[in-house]
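What follows draws every value from the coordinates through simple rules; no lab data is involved. This is a predicted model, so every value here is computed, not measured. When we count neighbours, we look across all protein chains shown, and the Cβ atoms used for this are built from the backbone with ideal geometry, even at glycine.
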Amino acid sequence: MSHEGRRVHLSAKATALLAYLALERSPQHREHLADLLWESHDALGNLRVELARLRQQGLDLFPARQPMLSLECATDLDRFVRGETDVSERELAEWLGTLRGLPLSGLEDLGTSTFQEWVETQRLSLAEQVEEVLSRVYTRQVEAGRDRAAEMIRARAELLGVENLRLVRRGGPPQLHFDRPEARGALMDVLSLAEHEPQLLLLGGRRGIGKRSFVQEALVGSDWVLLQVNAVPQRRLFLASLAQALMRVSPPDSREVLQSVLLRPGDADEDLVRIFSVLASLGRPVVLSIHRAEHAREAFAGGVGFALGLPIPLLLVLSSSSASTLPALFESGVDSGRVHRINLGPVSIRAATRALRPVLQGLDEDALRCRAARLVQQTEGLPAHLRAFMERPHSLTGSGRSPLPPSARESLLAGASGWRPELHAALSRLSMVYVGVDAALARAILGEDAPDLLSEALSAGVLSHAADEETVRLPGPDFTSSDLEQRLGFTSELLRTALAGSLTGPQRAALRARLADLLLPTHPGLSAYYAQRANLPELTERARAAYEAALQEGSPLRTAPRPAPSGRMRLVTEPPVTSAPRREVQTENGYRVATEAGQLEVIRLGRYGAPPLLRARLPAVREGAWRLVARVDVYRGGEELGPTRAPYPLALRVGDGERLVLRPDAPADYVEDGVRHRVLGGVPLGKWFELGGTGGRGDLEIAVRALDVAVTIGRLEWGGEEVPFQ
């Protein structure tokens, strides 16, 4: 901070306060600022002290007793951005000198968790702006043939952690398109049938999966007329939506009929007949796609059977985020031979890599795939959120978890807007629980209504069972959920994060304090995490001592890493792939297990807490030499949350033998549940590697235990034979 040409020395909290006001660029309530920067009962008093210290240094920036504080001042970023347009090669070194390191350095440990999240979000946004500016100036230097200037920019970018400056394409990057060949092929088959006789398609997939764009993109360049409407429960409004959508494509002589439906509505059944009469008169094949179809149960009563009886080429699409609700929307008399189902799954790493290739042209293939894997892992593979993250490209370059973009957060919370207030409030409180919720813990957090609230959330698909271990069968993959596990967790980590962000700072602080006390007997490591975040030093020390006592001697969580063995692992290129289609299952703990192109892929966006164990079981293998080709693009074990079991991105075991654990670091070998775990460290991130050895015979098991992970096995051979995944 400088004022009238002199340097002003600020306390850390004053720096945080002024940085927040300068970057927010809008008036802020004193109470909000105080709650943001201090977790204490006298937060406003602390704010007044800092403001008084600023006045003592001659910075009389804020009028006394004014409830709102604001600050307008130039920043180094402003000067950096302004200098982009006219910086010469001679001035380049001085201009680059503005970039001294990580934005907002030193503020990450200050204030409340809400302020820390703001710092992380701003840091990513500022770094993104810097990367965009550097990329534009770098492009100009390259196009002008000034190699020395371009190299100076690249060198400074590398110091800032920007590994690959991209050349800025004129006209901007192309829009991301995620191909789904299997689903698209199935839709084309249904359209072929619909040319001769009306067909019904039940289209399922999570909110944000891209059902609307999937249908729209499939019809590009075809003769089909596409009408897309959102269902509403009120029949009259639903018919009006149909009439308005049809009016945009109908000939002038039919619009009078539709106008009468809109302006002079009559009997609902008669109006539905008039709408479909206009539809039949178009003289072209029609796709009528009704989204959020679960809301049309009453509004479209009888409409499905009537539409399928029309003598025209017609595909009626009922689309919903809950595929289980769709069959109840049409009459039992509908010919089952004309009913088809497509369920859209999340985007795969391979599809994301293909979509990103024309956008991120400066990346080599390994870096491109690593970026795609992190993008898919961070967004649970949902295209709507993929695009939101791509609007902030720097959020994909770090190694940790990125904050939700505002548009993604708003979309997730919009999907929860239909919940009744009691359920919304209860799930917001449960979003702070980083462990499976059992009946006792739920009652302690939610009160006596907890059983009914949990049952409602479970029925709505917001919560699911959260076991310590899950098993997937291969070839396949096949996964069968079990309702025997009584503990529950959020089905979507993105939704949990959005709900947690909707709580106020004091609400989160109170919940952390409560959870630190409740979890001390059963989860002391997590209790210590909560207590520290709640600023409870005495409880933090008690919990840490209890956690140390809970760890058995020889646990890798208490062992310092040793030097990784050398000469046993080598970097390789991707092994040959097959044309096998993608098959994917998702476990209740959030592991996405997929087979595609002959490879096995495991992705997880961590449900906070102790990482659960995923076992992928395969048929028996013969004794002999084995060879593994794999890559780990994302790995985070969650050790900061105090698990008592050691996490890892990948492990192999045959029969009742030892488990070979692959990790980036190399703690000592250990025994867990009577099984010896032999640890092999040095696993690279973002690179294909090969590893081999000699193994026994028996059933083969591939295991993963991680908070965040994206791991791919490109090829596995055992006993001289390739292990099939699909």
Using amide H atoms built 1.01 Å from N in the peptide plane, name the residues 5+ places from residue 287, or on other chains, whose amide H lies under 5 Å from its own. 225, 226, 227, 315
Stretch gain in nm, segment residue 551-residue 220, where the contour uses 0.36 nm per residue and the Cα spacing is subtracted: 113.2 nm
Say the dipole of the chain comes from +1 at the beta carbon of Lys and Arg and -1 at that of Asp and Glu; which of 188, 336, 122 then lies farthest toward its positive end? 122
Any chance you could list P(r) for the range 1-137, counting all Cα-Cα pairs in 5 angstrom bins from zero, rounded to whole %? 2, 9, 18, 21, 18, 14, 9, 6, 3, 1, 0
What ³J(HN,Hα) values, in whole Hz, does the Karplus curve 6.51 cos²θ - 1.76 cosθ + 1.60 give for the range 310-318 when θ = phi - 60°, with x put for Gly and Pro? 6, x, 9, x, 8, 10, 9, 10, 9
Efficiency of FRET between residue 354 and residue 573 - r from beta-carbon atoms, R0 22 angstrom, step 0.05: 0.80
Among GluC sites (Glu not before Pro) in the range 597-648, those in a DSSP loop whose Cβ has at most 11 other Cβ atoms within 10 Å are none
Where labels lie 7 Å past Cα in the beta-carbon direction, separation of residue 108 and residue 721 in nm: 4.9
When DSSP beta bridges are limited to those with both residues in the chain, what percentage is antiparallel, rounded to the nearest 5? 65
Which of the listed residues, 628, 675, 644, is farthest toward the dipole's positive end in the range 606-708, when Lys, Arg count +1 and Asp, Glu count -1 at the beta-carbon? 628
Near the amide H of residue 340, under 5 Å away, which other amide H atoms are found, from residues 5 or more places off or on another chain, if H is placed in the peptide plane? 200, 201, 202
In debye to the nearest 20, how big a dipole does the range 617-683 give about its Cα centre with +1 on each Lys and Arg Cβ and -1 on each Asp and Glu Cβ? 300
Once Rh for the chain is found with the Kirkwood sum over Cα pairs, what is the Stokes-Einstein diffusion coefficient at 10 °C and 1.306 mPa s, in µm²/s? 54
Can you give me the Cα centroid spacing of the range 271-286 and the range 709-726 in angstrom? 53
Would you pull out the residues with amide H under 5 Å of residue 626's amide H, same chain only if 5 or more places away, H placed 1.01 Å from N? 693, 694, 695, 719
Taking only the alpha-carbon atoms of the range 1-44, the convex hull volume per residue, in cubic angstrom, is 84
Taking 0.36 nm per residue of separation between residue 417 and residue 336 and subtracting their Cα-Cα distance, the length gained on full extension comes to 25.7 nm
How high is the relative contact order of the chain, in percent, counting Cα pairs under 8 Å that sit 6 or more residues apart? 10
Among 530, 585, 595, flag the residue with its Cα farthest along the positive direction of the charge dipole of the range 494-636, charges on Cβ as +1 for Lys/Arg and -1 for Asp/Glu. 595
The range 366-485, Rg to Rh (Cα coordinates; Rh as Kirkwood inverse mean 1/r): 1.03
The range 535-596 to the range 9-25: how many Å between their Cα centroids? 38
Over the range 357-508, what is the mean sequence separation of C-alpha contacts under 8 Å (at least six apart), divided by residue count, expressed as relative contact order in percent? 22
